[in-house]
Amino acid sequence: MTTTSQQYESALRALGEHRQLFIGGEWRQAEGGRRFGVLDPADGTTITDVADGDVGDAMDALDAAAAAQGDWARTPPRERSEILRRAYELITAQADDYARLISLEMGKTLTEARGEVTYGAEFFRWFAEEAVRIHGRWMQAPAGGSRLLTLKKPVGPCLFITPWNFPLAMGTRKIGPAVAAGCTMVVKPAEATPLTMLRLAATLEEAGLPAGVLNVVTTTEAPAVSEALMADDRLRKVSFTGSTTVGKVLVKQAADRLQRVSMELGGNAPFLVFEDADLDAAVDGAMVAKMRNMGEACTAANRFLVQDSVAGEFAEKLGARMGALAVGRGQDEGIDVGPLIDAKAVESVHRLVTDAVRDGAALVCGGHVPDGPGTFYEPTVLSGVPADSEINTEEVFGPVAPITTFSTEKEAVQRANATEYGLASYAYTRDLGRTIRLAESLDFGMVGINTGLISNAAAPFGGVKASGFGREGGFEGIEEYLDTTYVSLPEG
Ligand code: ADP
């Protein structure tokens with residue numbers, strides 16, 4: 001029998017020589033020989049280290065991606081599809097190892113990490129199926145006299161910048177459609193969680209992805225690396241998941257070379273509970289929408305807007321559930337909530353909570369930073385939060401549920417939409433007419449009705465307003481990686 005710590009050691013050992021840069025099919029040191037440590041958020045110790053690439057390494061990666069682009073675009077769709085399908089099967093077969101690695105570097109519980117592996121792998125299965133369905137059209141010009149044809153071509157070499165909260169899934173939902181469409185790519189994973197992406201590169205290599213199609217540059221110099229890559233005309237597309245602040249910088253940078261961009265940025269999801277809702281179902285949904293990934297998700301319910309008549313009962317029930325969650329190291333048995341990613345995250349969550357209390361909110365449960373090492377925060381419910389308290393206008397990114405009340409549907413929609421963001425939204429109601437009105441009037445890219453979980457590889461994930469543009473997943477996801485060529489033919 002292997003002990004838990006042996007299992008983790010084996011997950012790390014499996015990474016072995018892959019703690020390097022992956023460029024042009026080679027695993028290699030950073031040119032400067034530098035490395036950086038990957039920290040365990042549960043206690044701040046160093047788990048291991050990886051190569052710290054610089055601008056020169058990143059340009060080597062772009063050289064490799066550009067060199068591979070032509071052949072890759074000509075590779076038959078079925079071959080691209082089968083590479084993705086094999087990678088899906090490999091990830092699924094190695095799900096436990098992947099989950100341990102994710103949990104170790106990011107902190108989430110093993111259950112959460114297994115959920116991410118299923119979700120993340122699904123993008124490869126979905127886009128394996130989409131790779132063979134790329135097609136154009138043939139139509140007669142309205143006035144006659146010519147035929148209008150369209151064909152789809154891969155956009156070209158892409159840059160992917162991914163965040164730390166879903167180290168696998170935020171990669172696969174960019175890599176999956178890019179591979180399916182015939183694009184090559186340079187991936188820069190988040191500094192905090194580079195290990196999962198390196199393992200993913202090894203899996204894709206094993207699945208038969210040709211050298212140069214996927215290149216991974218781990219680095220502590222994200223701004224310099226992305227600036228240099230984006231200053232090169234060979235790079236044709238940037239897909240980013242992260243903060244709105246960085247997204248804006250990247251869109252400005254992309255303007256110089258008019259690179260195509262997909263931006264999946266911050267959110268401030270409202271979670272509406274109407275008095276006709278099944279309240280127990282709403283509490284179940286709230287637990288998922290709030291606590292998936294410990295609240296460290298851009299889709300996380302950020303503001304709970306509850307109708308006056310049921311607000312007290314909802315707060316009490318949610319408080320009982322949140323207060324009963326076990327906080328601790330994500331790899332330990334019986335733990336529901338792991339550490340936040342770093343001390344800065346804890347500080348920012350705690351400040352929002354203390355400011356809300358100062359603004360007049362009441363603590364139903366939680367509200368403290370637990371003693372001891374690691375970057376933990378107690379699951380917290382706040383009731384009677386003023387609508388304009390900062391916790392309602394900022395992305396919390398932690399296990400805190402602020403509850404505010406409303407009296408009419410019109411007021412609820414107005415308040416829900418009163419944010420610069422527009423990613424996810426949720427509503428609980430049993431009224432069909434209201435459901436239709438909400439779907440049509442909520443200014444968000446995604447609306448979940450009577451559910452707290454909306455992410456699905458088959459659905460178009462993305463936002464409006466300051467939450468960005470572009471869609472990942474669904475039939476739409478592959479379009480981000482395809483250009484349309486129109487061909488005009490005379491009448492035969
Ligand atoms: P978060 O607040 O979730 O860490 P960030 O937007 O800061 O979100 O980071 C998301 C990703 O963007 C990470 O991979 C990070 O290294 C990268 N990043 C941060 N700043 C820049 C920048 N100026 N240019 C390019 N990438 C950046």
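The values are calculated or read from the model by the stated rules, or taken from the named source; none is laboratory data. Source: prediction; values computed, not measured. FYI the Cβ positions are ideal-geometry reconstructions off the backbone, even for glycines, and counts take in every protein chain you see. Only protein heavy atoms, including side chains, enter the accessible area calculation; ligands, DNA and RNA are left aside. Shrake-Rupley method; radii C 1.70, N 1.55, O 1.52, S 1.80 Å.
Got a sec? Which of Arg329, Arg321, Arg257, Arg358 is basic (Lys, Arg) and in contact (Cβ under 8 Å) with a residue 40 or more places away in the chain? Please lay out each step first, then the result.
On the way: Arg321 fails: in contact (Cβ under 8 Å) with a residue 40 or more places away in the chain; Arg257 fails: in contact (Cβ under 8 Å) with a residue 40 or more places away in the chain; Arg358 fails: in contact (Cβ under 8 Å) with a residue 40 or more places away in the chain.
Only one candidate passes the filter, namely Arg329.
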Which count do you get for residues in region 204-228 that are surrounded by fewer than 23 Cβ atoms within 10 Å (Cβ to Cβ), more than 9 Å from the ligand (Cβ to nearest atom) and outside any loop (DSSP other than H, G, I, E, B)? 3
Check Met59 against each of (1) part of a helix (DSSP H, G or I); (2) of a type in the set (A, V, I, L, M); (3) over 30 Å from Val288 (Cβ atoms); (4) in contact with a Ser or Thr (Cβ under 8 Å, 6 or more places away or on another chain) and name the one condition it does not meet. (4)
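Just the residues that are among the β-branched types (Val, Ile, Thr), within 21 Å of Gly56 (Cβ to Cβ) and in contact with a Pro (Cβ under 8 Å, 6 or more places away or on another chain), please, taken from region 217-264. Walk me through it before giving the result.
Within region 217-264, the subset among the β-branched types (Val, Ile, Thr) is 217-220, 225, 238, 241, 244-246, 249, 251, 261.
Then keep just the ones that are within 21 Å of Gly56 (Cβ to Cβ); that gives 217-220, 225, 238.
Thr218 - this is the single residue of region 217-264 that is among the β-branched types (Val, Ile, Thr), within 21 Å of Gly56 (Cβ to Cβ) and in contact with a Pro (Cβ under 8 Å, 6 or more places away or on another chain).
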Could you go through region 229-241 and let me know if any residue there is within 12 Å of the ligand (Cβ to nearest atom), in contact with a helix residue (DSSP H, G or I) (Cβ under 9 Å, 6 or more places away or on another chain) and not in a strand (DSSP E or B). yes
List pairs: first in region 362-386 and at pLDDT below 95, second buried (at least 16 other Cβ atoms within 10 Å of the Cβ), Cβ under 7 Å, 6+ apart or cross-chain? Gly374/Pro41; Gly374/Ala42; Gly374/Pro339
Out of Ala286, Ala281, report the one residue that is away from the ligand (no atom under 16 Å from the Cβ), in contact with a helix residue (DSSP H, G or I) (Cβ under 7 Å, 6 or more places away or on another chain) and either open to solvent by less than 50 Å² (accessible area, probe 1.4 Å) or within 14 Å of Glu227 (Cα to Cα) (or both). Ala286
Can you find, within region 449-463, the residue that is surrounded by the fewest Cβ atoms within 10 Å (Cβ to Cβ) among those that are of a type in the set (Gly, Ala, Ser) and within 13 Å of the chain's Cα centre (by Cα)? Ser455
Within region 413-433, can you find the residues that are surrounded by 24 or more Cβ atoms within 10 Å (Cβ to Cβ) and over 25 Å from the mean Cα position of the chain (by Cα)? none
Matching option when the condition is of a type outside the set (S, T, N, Q) and surrounded by fewer than 19 Cβ atoms within 10 Å (Cβ to Cβ), among Asp359, Asp336: Asp359
Is it true that some residue in region 396-409 is open to solvent by 10 Å² or more (accessible area, probe 1.4 Å), touching an Asp or Glu at 6+ places or on another chain (Cβ under 8 Å) and on the phi < 0 side of the Ramachandran plot? yes
So which residues in region 166-193 are surrounded by fewer than 24 Cβ atoms within 10 Å (Cβ to Cβ) and of a type outside the set (Gly, Ala, Ser), if there are any at all? Glu191
Of these, Glu9, Glu17, which one is assigned to a helix (DSSP H, G or I), in contact with a Phe, Trp or Tyr (Cβ under 7 Å, 6 or more places away or on another chain) and surrounded by fewer than 17 Cβ atoms within 10 Å (Cβ to Cβ)? Glu17
I'd like to verify a number: residues in region 170-203 that are in contact (Cβ under 8 Å) with a residue 60 or more places away in the chain, within 16 Å of the ligand (Cβ to nearest atom) and not hydroxyl-bearing (Ser, Thr, Tyr), how many? 13
Residue that is most open to solvent (accessible area, probe 1.4 Å), among those in region 242-262 that are among the polar types (S, T, N, Q) and near the ligand (Cβ under 7 Å from one of its atoms): Thr245
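Might you check whether a residue that is part of a helix (DSSP H, G or I) and either away from the ligand (no atom under 15 Å from the Cβ) or of a type outside the set (Ser, Thr, Tyr) (or both) occurs anywhere in region 294-301? Break it down stepwise before answering.
First, the residues of region 294-301 that are part of a helix (DSSP H, G or I): 294-295.
Of the ones still in play, those that are also either away from the ligand (no atom under 15 Å from the Cβ) or of a type outside the set (Ser, Thr, Tyr) (or both) are 294-295.
So far as region 294-301 goes, yes, one or more of its residues are part of a helix (DSSP H, G or I) and either away from the ligand (no atom under 15 Å from the Cβ) or of a type outside the set (Ser, Thr, Tyr) (or both).
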Selected residue (criterion: most open to solvent (accessible area, probe 1.4 Å)) from residues of region 98-140 that are farther than 29 Å from Met291 by Cβ and free of Cβ contacts under 8 Å to residues at least 12 places away in the same chain: Trp138
Looking across region 242-281 at residues that are of a type in the set (D, E, K, R) and in a strand (DSSP E or B), the single one that is farthest from Cys298 (Cα to Cα) is Arg260
Scan region 405-422 and tell me whether some residue there is in contact with a Pro (Cβ under 9 Å, 6 or more places away or on another chain) and under 22 Å from Pro379 (Cβ atoms). no
